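Each remark here refers to the structure printed beneath this line.
The values are calculated or read from the model by the stated rules, or taken from the named source; none is laboratory data. All of these numbers come straight from a predicted model, not from anything done at the bench. Neighbour counts run over all protein chains shown; Cβ positions are idealised from the backbone, glycine included. For the accessible areas, the whole protein counts, side chains as well, though only heavy atoms, and no ligand, DNA or RNA atoms are used. Shrake-Rupley method; radii C 1.70, N 1.55, O 1.52, S 1.80 Å.
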Amino acid sequence: MEPVIEVVEVWKSFDTVQVLRGVSFALVRGETLVVMGGSGSGKTVLLRLVAGLIRPDAGQIRAFDRRIEHLSEEQLLPIRRRMGYVFQGAALFDSLSVRENVAYPLRENSSLPEREIEARVVTNLGLVGLGPEVLGLLPAALSGGMRKRVGIARALSAEPEVLLFDEPTAGLDPTNSKLVAGLISELHGGGVCDTAIVVTHDLELAKTVADRVAVLIDGRFDAVGPVAEVLGSDNLAVQAFLAGEAR
């Protein structure tokens, strides 16, 4: 299958710090790729590069069969609309209700009538296990797990072809981490949005949602493959990372 996202020999540094050193991968439609690595390993940087939020120093990035690394902001907009980005802290607008947060992408990027926008908001909240009772709440009234779920519902609003998850279980207790992991699996298996990149250091999340795992160490992928293959890798750096995360 032709890849929907393809990254080829991408390098990225900030000032004198080299974060990514020739990273390559391809994501095919219907696949969930989990990118693992420790704090500061460049996982979020890689996700932001795929979304066109920052530009690589070298290498190529293709999204939906178009190179994006040199596109202007205006040219990137229709490509970004085909992706849903779930930020680590959910990045909800504090002054807007749950209803308005989830509706925001629809109001910005579509001309749908208000009745249809409201219906989509309710539907998307239902997909993440939240009912109409949360519509009028502000983010401050939500638990950490609920905020994550509202962030996912908002990302689903534009009916994306690819979902990008930045540390979706970070800061959550074990119960909510399992809930979010199960939700990502349901979205994948249910056909709502079956193509995703998930960056995380959460080993249990990777085991739950990944079709393939890529381990990012020292700016490069030291192992890429099915979960069982990567977990059984004899690469010492990968084993040291996995052992640390399992503790």
Using a 1.4 Å probe, how large is the accessible area of Val230, given in Å² and rounded to the nearest 10? 10
Heavy-atom accessible area of the chain with neighbours in place, 1.4 angstrom probe: carbon+sulfur share in percent works out to 51
Taking Cα pairs closer than 8 Å and at least 6 residues apart, the relative contact order of region 89-152 in percent is 53
Among Val121, Thr32, Leu71, the residue whose Cα sits farthest towards the positive end of the charge dipole of the chain (+1 at Cβ of Lys and Arg, -1 at Cβ of Asp and Glu, taken about the Cα centre) is Val121
What whole number of Å gives the distance from the Cα centroid of region 152-230 to the Cα centroid of region 22-101? 14
The chain, relative contact order [Cα under 8 Å, separation at least 6], %: 26
For the chain, built as a Gaussian network whose Cα springs stay under 10 Å, the top-fluctuating residue of Gln60, Gln75, Gln88: Gln75
Report the accessible area of Glu9, computed with a 1.4 Å probe over the heavy atoms of all protein chains in place, in Å² rounded to the nearest 10. 100
Qualifying aspartates and glutamates (Cα of each under 17 Å from Cα of Lys178; at least 8 residues distant if same chain): Asp166, Glu167, Glu186, Asp202, Glu204, Glu245
Run through the DSSP bridge list for the chain and note the antiparallel percent, rounded to the nearest 5. 55
Amide H of Gln88 versus every other amide H placed in the peptide plane: which residues, excluding those fewer than 5 positions away on the same chain, fall under 5 Å? Asp166
Using Cα positions and a limit of under 16 Å, work out the lysines in reach of Lys43, with same-chain residues fewer than 8 apart set aside. Lys12
